Amino acid sequence: MARAQVNPTRMELNRMKSKLKTARRGHKLLKDKRDELMRQFLILVRENKELREKVETGIKNCNRSFVLARAGMSAEQLNVALMCPKQEVYLEAETKNIMSVDVPRFKYKTRTSDTNDIYAYGFAFTSADLDRAVKETADLLPSMLRLAECEKSCQLMAKEIEKTRRRVNALEHVMIPRYEETIKYITMKLDENERSSQIRLMKVKDMMLKQAHGYEDYDKAAISLGKDEQ
């Protein structure tokens, strides 16, 4: 892992240690966030699967009932019966924050609370299959809205999980090893500089002692005496 290009100083060492500490803390928080997002995501995926099966089955039943109604009524009668809806539905969209992800929440209300207002026609000239189709469609609306919530929430959470996973990998495999390698390099350089300084100080001390006590003159005299004896 390539280290950062820095000056090997004490100040830089402290700064790198602070960055490493922050990176490790951020790595832990992001891992916890990723794990919680995955848990919430799997819950939504299971709910989405169940809702989709329920909605698909409900739509199939509704279509079957409409086909039977169409077979028992003329096209003109069916068009007139469904031309002017009597009930109205108002949809409200909100958001809910799940681990920093704003997922949608849908609420709906009808113009009236009377369940018979879903039938915008008289019962004299229509078939029971049409009544069944309209009732099944109205009953399916809450599940369809919840399915829309789950699918959009799954999409948003999947994007956030991928983004968080990339950040965790970047910290774990790039940033933290780089900081550790840089700290190791600075520490080695500082130790080397400290050893060099100690050696220089010892040499200076020896020179000062020789000058203070005349060790240098004594050594020269001893050398001269040895030459004379030879």
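The values are calculated or read from the model by the stated rules, or taken from the named source; none is laboratory data. The structure displayed is predicted, hence computed values, not measured ones. Cβ atoms come from the backbone with ideal geometry, glycine included; neighbour counts cover every protein chain shown. Accessible surface areas use protein heavy atoms only, side chains included; no ligands, DNA or RNA. Shrake-Rupley method; radii C 1.70, N 1.55, O 1.52, S 1.80 Å.
Data table
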quantity: Value at 222 nm in deg cm²/dmol, rounded to 500, when DSSP H runs of n ≥ 4 in the chain each add -39,500 (n - 2.57); calculated: -26500 deg cm²/dmol
quantity: Spatially proximal lysines relative to Lys203 (Cα-Cα < 24 Å; intrachain offsets below 8 disregarded); calculated: Lys189, Lys220
quantity: Accessible surface, 1.4 Å probe, highest first, among residues Glu194, Glu76; calculated: Glu76, Glu194
quantity: Ranked packing of 118-128, 88-98, 64-74, most packed first, by mean Cβ within 10 Å; calculated: 64-74, 118-128, 88-98
quantity: Gaussian network model of the chain, Cα within-10 Å springs - most flexible of Lys210, Lys184, Lys159; calculated: Lys210
quantity: Sequence-separation-based contact order of the range 15-173, relative, with Cα cut under 8 Å and 6+ spacing, percent; calculated: 37 percent
quantity: Heavy-atom accessible area order for Ile199, Ile186, largest first, 1.4 Å probe; calculated: Ile199, Ile186
quantity: Amide H within-cut-off set for Ala120, under 5 Å, with H built and near neighbours excluded; calculated: Lys86
quantity: Average silhouette area of the range 1-127, convex hull of alpha-carbon atoms, in square nanometres; calculated: 15.0 nm²
quantity: Partner lysines for Lys49 [C-alpha distance under 30 Å; skip if fewer than 8 residues away on the same chain]; calculated: Lys31, Lys33, Lys60, Lys96, Lys107, Lys109, Lys135, Lys152, Lys159, Lys163
quantity: Sorted largest first, extent of the chain alpha carbons per principal axis (Å); calculated: 147, 30, 23
quantity: Highest to lowest packing among 175-182, 151-158, scored as the average C-beta count within 10 Å; calculated: 175-182, 151-158
quantity: Average accessible surface area per residue within the chain, 1.4 Å rolling probe, Å²; calculated: 71 Å²
